[in-house]
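Handing you this structure, nothing more for now.
The values are calculated or read from the model by the stated rules, or taken from the named source; none is laboratory data. Predicted, not measured: the structure shown is a model, and the values here were computed from it. With ideal geometry, Cβ positions are generated from the backbone for all residues, glycine too; neighbour counts draw on all protein chains shown. Surface accessibility is based on the protein's heavy atoms, side chains included, excluding ligands, DNA and RNA. Shrake-Rupley method; radii C 1.70, N 1.55, O 1.52, S 1.80 Å.
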Amino acid sequence: MQLDSKVPGGPLSEQWDKHRCELKLVNPANKRKFNIIVVGTGLAGGAASASLAELGYYVKTFCIQDSPRRAHSIAAQGGINGAKNYPNDGDSIQHLFYDTIKGGDFRARESNVYRLAQASVDIIDQCVAQGVPFAREYGGLLANRSFGGAQVSRTFYARGQTGQQLLLGAYSALSRQINAGKVEMFTRREMLDLVVINDQARGIIVRNLITGEIESHDADAVVLCTGGYANVFFLSTNAMASNVTASFRAYKKGAFFANPCFTQIHPTCIPVHGTFQSKLTLMSESLRNDGRVWVPKNPGDKRPANQIPESEREYYLENQYPSFGNLVPRDVASRRAKEQCDIGKGVGETGLAVYLDFAEAIERDGRDIIEKKYGNLFQMYEKITAENPYETPMMIYPAIHYTMGGLWVDYNLMSNLEGLFVLGEANFSDHGANRLGASALMQGLADGYFIIPYTIGGYLAGTSRKDITTDHPAFKDAVKMVKARMNNLLSIKGKRTVDDFHRELGLTLWEHCGMSRNEEGLKKAKEHIKGLQEEFWQNVTVPGREKDFNQSLERAGRVADFLEFSQVMIEDALERKESCGGHFNEAFQTDENEALRDDENFCHVSAWEFKGDDKDPEMHKEPLVFKNVELTQRSYK
Amino acid sequence: MTKAINLTLKVWRQQGPDLKGRLETYDAKNISTDMSFLEMIDVVNEKITLEGKEPIAFDNDCREGICGMCGAVINGRAHGPEKGTTLCQLHMRQFSDNDIIVIEPWRAKAFKVIKDLVVDRSALDKIIQAGGYISVNTGGAQDANSILVPQETAELAMDAAACIGCGACVAACPNASAMLFTSAKISQLALLPQGKPEAARRAIAMTRVMDKLGFGNCTNERECEAECPKEISITNIARMNREYLKASFISTVQ
Ligand SMILES: Cc1cc2nc3c(=O)[nH]c(=O)nc-3n(C[C@H](O)[C@H](O)[C@H](O)COP(=O)(O)OP(=O)(O)OC[C@H]3O[C@@H](n4cnc5c(N)ncnc54)[C@H](O)[C@@H]3O)c2cc1C
Ligand code: SF4
Ligand code: FES
């Protein structure tokens, strides 16, 4: 099957303009006759729901949490990029485009990324108009800071809570539309299936998480904004409810899943402290500007940091990368840390941590300066670890943070399944094999505020759909399936908890499909997970009832999907016999141990098609064509 | 230093909104003081689950103190004993070996218990829906830097905007008032130039809905400020009162 990305022709800078002009328009009077389902209320879903309702569509919006304001986007700290060039330091749309394409290790579509850079400018205007309290200079103008992977200052921020403030902006716009009766909001609902009729997405099946009731909702189009799947690793920086279920159910109904093996590791997280750890906390990567990373020279050295003399410390990043030192990119810093721990030089109780030491910076600049720069982070660190980073070095370790892979979409953000649109982290579109800091918030809002309002109109005006209701047999069948699956989970009454399975899955993936991968490990993991999945369906215990508030049942469904999905992820990692961005295959590295791309054979998107429960998925390629940038190899020595 | 402690929990268990609840006792053994409070409950829940019984239901999501989803009353204090800390960021080193910990849900007329520690806080969303926004549609916004906001004003607005909507202020207030929550949003938007045109309408609409939903009056007990995990200041309530009075004089909204 040939995947049609529907990328418009002509010069990059004119494509979106031209495309918008060519898209069919829906007559304003007809808009309210169209029902649109939006699943998710993060930056992507919140922005899309509000914008579509403002245009006059009738929107039904769903989320898992008790309020749309609590989506995982709320946790983003650092900032959002926008090519405003307010500091006059040489930024431009072209520049942001280039940084993002290169940062993604040349595995994203040029046209989409260029459009993202164009929209970035409007996003900042929109958010300010909504009352987002971005940081300001004394004169009242907006403040900017710089972020990883860029040489210009283009990141806008609201203290360390940029995601929160942007999400509350989208939430306020959404609330206004709820008040106006244009959006019907369904909270505490979990999408458990997608309904496809005549090859078009026409509705969803959800579980009411309070009553346990299964509900059917029909629509003219379905917009998935359900976030990323980093929780497949059990421990990640994602919120507890983040899941792959919505995307994976869509995949099983025919939507292609693209580049599932592109996952991102963040090097500076607070390390794991014990078996019962439930999630990991990110420490902004800006800390690496002043902190020095080191481990003891001798494996097994368990002395406290202050008793290890200078001569017995190894500053491995500074030694291996004399020119970039502690500031090598996220993936490189992460892999080197794991390497040190693997040879026994890790520190802390678990041996899975390295030091990030501020002693020299404090000595040089004084404690005041360091406190001004990082005070809130130091405080958060102390709250969690009870250690004072002004006096003892911080301990950090890499953690899974973001997933670049997601459902395949074309230039209109529509999946290969007609009428199914996918926005935000849930799609695969803009970050290639590696995402740069401060660009996920940008993408979620670009998709929701500025892209879907145009492209969904083109779809609705340009296709015919049958009149259906939730009485259609496709809905009845889907409900039956969903219920059977739940009853099955409840009736197993085995001996292991859901979390126990999830933890084992996570460890296996972290070991073999995490920071670095090799064929043998991937194959081993695949076998192991197959067995784990079998055991899950025979030995999991899920207490409680179906028609009730039942958090064990919610989690069981999500973990069941993670188990199945992880096998597609591994398959994708096996298939991609090159290294690029977050996918590091040990067999493909440069002499400097960096990711070695194979542009001749792997300059494509891998889109996986579900072929049946006991069949392997089939891979389709979307070739990536670069007309505006030159493919280069990274080096940080 | 990491230690392991043993605790006795007395946890509010309630099957459903209209059923009677009661405190049940659980042992929490061998709890590492490095764990967060919610991880401690996870441990207890794993044990309950393996006994084939239903684990304690509690809301949580980010576990980083930002989403506002978690919350419970711990020994009579909303979000527990540590100041400026959400329940998910509270760590077990705040407790000692053999402590007895009483864990109850938020209690307020406007927050119905759904199950165990889970309550219905949708009333807070309804207050925002009544006017907690600036009425701009997507598109057509002017250049962001054409609106100047003095740095001090932006900082004050940000202080108020930091509210995570957890509802602890309501739970802590003897009158179950939602004034701190409501005033935080009214303040944020009234401070910023973008929010001024609708300030009067907003203050009146949000206050009305707040009253209608069954939240109590503010009688200056200051418990809300003391328990708020984001340390939202009660000067916001004073600002809200001013906005409301001003609006009542000049407003055309009836
Ligand atoms: C700790 C942390 C810090 C970050 N910092 C930054 C940063 O500084 N800058 C940056 O650009 N990016 C950052 N990111 C990444 C960024 O926050 C996310 O990629 C982005 O917010 C995702 O937004 P989204 O709208 O796609 O999805 P989400 O915000 O994840 O929202 C998903 C929505 O879908 C709903 N949902 C999910 N599944 C279902 C289902 N089955 N049924 C019904 N509803 C469902 C959820 O309820 C939720 O409403 C950070 C990420 C983390 C983890
Ligand atoms: S004001 Fe404080 S206590 Fe009240 S909802 Fe906001 S953050 Fe929670
Ligand atoms: S779980 Fe998000 S604030 Fe506690």
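Restricting to the stretch A:376-402, give me the number of residues that are closer than 30 Å to A:Gly228 by Cβ and free of Cβ contacts under 8 Å to residues at least 12 places away in the same chain.
3
Being of a type in the set (Asp, Glu) and in contact (Cβ under 8 Å) with a residue 12 or more places away in the chain, is that true of even one residue in the stretch A:123-139?
Checked against the condition, which is being of a type in the set (Asp, Glu) and in contact (Cβ under 8 Å) with a residue 12 or more places away in the chain, the stretch A:123-139 yields no hits at all.
Can you tell me which residue in the stretch B:17-36 is nearest to the other protein chains (Cβ to nearest Cβ), limited to those that are closer than 14 Å to B:Leu117 by Cα and touching a residue at least 40 places away in the same chain (Cβ under 8 Å)?
For the stretch B:17-36, the residue satisfying everything is B:Pro17.
Moving on to the next point. Please tell me if A:Arg188 is of a type outside the set (S, T, N, Q), more than 28 Å from A:Glu285 (Cα to Cα), within 9 Å of ligand 1 (Cβ to nearest atom) and at pLDDT 95 or above.
no
Scan B:Ala168, B:Ala130, B:Ala144 and give me the residue that is within 11 Å of chain A (Cβ to nearest Cβ) and either open to solvent by less than 10 Å² (accessible area, probe 1.4 Å) or among the basic types (Lys, Arg) (or both).
None of the other options fit; the residue is B:Ala144.
Let me ask something else. Hey, could you check the stretch A:137-163 for residues that are of a type in the set (D, E, K, R) and within 14 Å of chain B (Cβ to nearest Cβ) and say which is surrounded by the most Cβ atoms within 10 Å (Cβ to Cβ)?
A:Arg154
One line per residue, one yes/no per condition, for (1) within 19 Å of the chain's Cα centre (by Cα); (2) more than 10 Å from every other protein chain (Cβ to nearest Cβ):
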position	(1), (2)
A:Ile178	no, no
A:Arg202	no, yes
A:Glu215	no, yes
A:Asp220	no, yes
A:Phe233	yes, yes
A:Met240	yes, no
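Can you name the condition, by its number, that B:Glu155 falls short on among (1) under 24 Å from B:Ala247 (Cα atoms); (2) within 11 Å of chain A (Cβ to nearest Cβ); (3) without any contact (Cβ under 8 Å) to a residue 24 or more places away in the chain?
Going through (1) under 24 Å from B:Ala247 (Cα atoms); (2) within 11 Å of chain A (Cβ to nearest Cβ); (3) without any contact (Cβ under 8 Å) to a residue 24 or more places away in the chain one by one, B:Glu155 breaks only (1).
May I pose another question? Conditions: (1) within 14 Å of chain B (Cβ to nearest Cβ); (2) surrounded by fewer than 22 Cβ atoms within 10 Å (Cβ to Cβ); (3) within 15 Å of ligand 1 (Cβ to nearest atom). A:Ser286 meets all but one. Number of the miss?
With (1) within 14 Å of chain B (Cβ to nearest Cβ); (2) surrounded by fewer than 22 Cβ atoms within 10 Å (Cβ to Cβ); (3) within 15 Å of ligand 1 (Cβ to nearest atom) applied to A:Ser286, the lone miss is (1).
Tell me, please, whether a residue that is within 16 Å of ligand 3 (Cβ to nearest atom) and touching a His at 6+ places or on another chain (Cβ under 8 Å) can be found in the stretch B:150-169.
The answer is yes; a qualifying residue exists.
Right, next: Please state which one of A:Arg597, A:Arg545 is open to solvent by 20 Å² or more (accessible area, probe 1.4 Å), more than 25 Å from the chain's Cα centre (by Cα) and at pLDDT 95 or above.
Among A:Arg597, A:Arg545, only A:Arg545 is open to solvent by 20 Å² or more (accessible area, probe 1.4 Å), more than 25 Å from the chain's Cα centre (by Cα) and at pLDDT 95 or above.
Going through A:Ser552, A:Ser566, A:Ser635, A:Ser579 one at a time, which residue ends up being small (Gly, Ala, Ser) and touching a Pro at 6+ places or on another chain (Cβ under 8 Å)?
A:Ser552
Is there a residue in the stretch A:250-263 that is aliphatic (A, V, I, L, M) and closer than 30 Å to A:Asn326 by Cα?
no
Tally time: how many residues in the stretch B:28-72 are within 16 Å of ligand 2 (Cβ to nearest atom), closer than 15 Å to B:Ile101 by Cα and either open to solvent by 20 Å² or more (accessible area, probe 1.4 Å) or at pLDDT below 95 (or both)?
0
Which of the helices (runs of 4 or more DSSP H) contained wholly in the stretch A:1-55 include at least 2 residues that are touching a Phe, Trp or Tyr at 6+ places or on another chain (Cβ under 6 Å)?
Filter on the stretch A:1-55 gives A:12-22, A:43-55.
Consider only pairs whose beta carbons are under 9 Å apart and that are at least six residues apart or on different chains; among these, list those whose first residue lies in the stretch A:8-24 and is free of Cβ contacts under 8 Å to residues at least 40 places away in the same chain and whose second residue is assigned to a loop (DSSP other than H, G, I, E, B) and open to solvent by 50 Å² or more (accessible area, probe 1.4 Å).
Sorted first by the residue in the stretch A:8-24, then by its partner, the pairs are A:Pro11/A:Asn628; A:Lys18/A:Gly10.
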